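Chemist: Following this message is one structure expressed as structure tokens.
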Amino acid sequence: MKLFFDKSQLKHAPQQFMAAGKLVPPFEVPERAERMAAGLVSLGLESLEPDDHGLDPIHAVHSDHYVEFLRTAHVRFQELPNAGPEVFPNVHPQVSAYPDLSPRERPRPSHIVGQAGWYMGDMACALGAETWQAVYASAQSAIAAAKTITAGDDEALALCRPPGHHAYSDRASGFCFLNNAAIAAEELLKRFKRVGIIDFDTHHGDGTQAIFYRRSDVFYGSTHTDPRQYYPFYLGYADETGFGEGDKFNLNIPIAPGSSDEEFIDANQQLIIATLASEVDALVLSAGWDAHQDDPLSRLKVSTDAYRRLGRIYGEIPLPTVIVQEGGYSLTAIESVAPIFVKEFLDERKPQ
């Protein structure tokens, strides 16, 4: 299996993160990728730097004006008097101001402060001087992995950092700027009729769901901590099943805080059954390790052994598969859990 990772992805080095009313040191740090890369290479995987496939695959998912914001925001923000080191929003579109219109139907602001509120959903996605280089490289890793599949490989791994599943078509949120899983899925659709995305990060992939919610060519399924008391709060509920053409092509399985291995594995198995029933031809795994009991953001009690078992379960699926890295913030856990999952996945894929 080919592993794609570009060291430019380490350039995004956020300095602050808003948690419970405090600016605290961030969890989404460059060392996450370094630790996972070292663990995966120890399996014998060769880390390949992706080719630059340009902006077209990114624009297939993300609005051109949003991409331009990400590319230029930091320089423009620094022109403000007394600007901080990173772009953060301090205003957001007001839904109640125009009850007959969605905020997205209003004219977009041109001032950088207004645009920060427009394009950034929270204070978990600090945008620094080299963030664009990192998120662009992260997306290129996903594109390269997907292109490997469309060229005939059965599996590929994109070590994407920053992660992507909270990124909407025109909004950054939750450590995420470009939606790597969605970009990979769009690339796979160039060869395959229908693609499945299964997301087992501890957080619901609200951005991925929103991107494909009205479509039937991508089935999205996610298991995650119940959003009634957990990020992203506003999406990820079981009654969200898709809309219009996309009806029945979205499945959420929230699990209660405190759930452990059996509940987590059972939810994943339900997702697999539903995904295969939707007749997908290829698979993207949005792989997050932050449900692990040692993760600083986890409210679940999922063990390392659960990921070992999941690796076998997903390895048994007879579909071309791209694994896209999402969350996982315990540096100790991710160094072992990601390689354990991938090893078991590959062992199951070997010809018997």
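The values are calculated or read from the model by the stated rules, or taken from the named source; none is laboratory data. None of these values were measured; they are calculated from a predicted model. Heads up, the Cβs are rebuilt from the backbone with ideal geometry, glycines too, and the neighbour counts pull from every protein chain shown.
Chemist: Part of a strand (DSSP E or B) and either of a type outside the set (A, V, I, L, M) or at pLDDT below 95 (or both), is that true of Ser286?
Modeler: Considered against the rule, which asks whether it is part of a strand (DSSP E or B) and either of a type outside the set (A, V, I, L, M) or at pLDDT below 95 (or both), Ser286 comes out as yes.
Chemist: Which one of Asp295, Asp290 is in contact with a helix residue (DSSP H, G or I) (Cβ under 8 Å, 6 or more places away or on another chain) and of a type outside the set (A, V, I, L, M)?
Modeler: Asp295
Chemist: Residue under question is Ala172, and the condition is that it be within 21 Å of Arg71 (Cβ to Cβ), in contact with a Pro (Cβ under 6 Å, 6 or more places away or on another chain) and not in a loop (DSSP other than H, G, I, E, B); does it hold?
Modeler: Considered against the rule, which asks whether it is within 21 Å of Arg71 (Cβ to Cβ), in contact with a Pro (Cβ under 6 Å, 6 or more places away or on another chain) and not in a loop (DSSP other than H, G, I, E, B), Ala172 comes out as no.
Chemist: May I ask you to say which residue of Glu262, Glu279 is within 20 Å of Ala181 (Cα to Cα) and not basic (Lys, Arg)?
Modeler: Matching residue, one of Glu262, Glu279: Glu279.
Chemist: Filter the stretch 309-352 down to the residues that are under 21 Å from the mean Cα position of the chain (by Cα), among the charged types (D, E, K, R) and in a helix (DSSP H, G or I) and list them by number.
Modeler: Glu335
Chemist: Are any residues in the stretch 199-229 closer than 15 Å to Glu279 by Cβ and among the hydrophobic types (A, V, I, L, M, F, W, C), and if so, which ones?
Modeler: Once the filter is applied, which keeps residues that are closer than 15 Å to Glu279 by Cβ and among the hydrophobic types (A, V, I, L, M, F, W, C), the stretch 199-229 yields Val218, Phe219.
Chemist: If you check every pair at least six apart or on different chains, which have Cβ atoms under 6 Å apart with a residue in the stretch 248-275 that is under 11 Å from Ser222 (Cα atoms) first and a residue that is β-branched (Val, Ile, Thr) and loosely packed, with under 15 Cβ neighbours inside 10 Å second?
Modeler: Asn250/Thr241
Chemist: What's the number of the condition Arg108 fails, among (1) surrounded by 12 or more Cβ atoms within 10 Å (Cβ to Cβ); (2) closer than 15 Å to Ser173 by Cα?
Modeler: Condition not satisfied by Arg108: (2).
Chemist: When only residues in the stretch 234-269 that are in a strand (DSSP E or B) and under 20 Å from the mean Cα position of the chain (by Cα) count, which is farthest from Gly196 (Cα to Cα)?
Modeler: Ile255
Chemist: So which pairs qualify, if the first residue must be in the stretch 71-86 and touching a residue at least 60 places away in the same chain (Cβ under 8 Å) and more than 11 Å from Val113 (Cα to Cα), the second must be of a type in the set (A, V, I, L, M) and surrounded by 13 or more Cβ atoms within 10 Å (Cβ to Cβ), the Cβ gap must be under 7 Å, and the two must be at least 6 apart or on different chains?
Modeler: Glu86/Ala126; Glu86/Leu127
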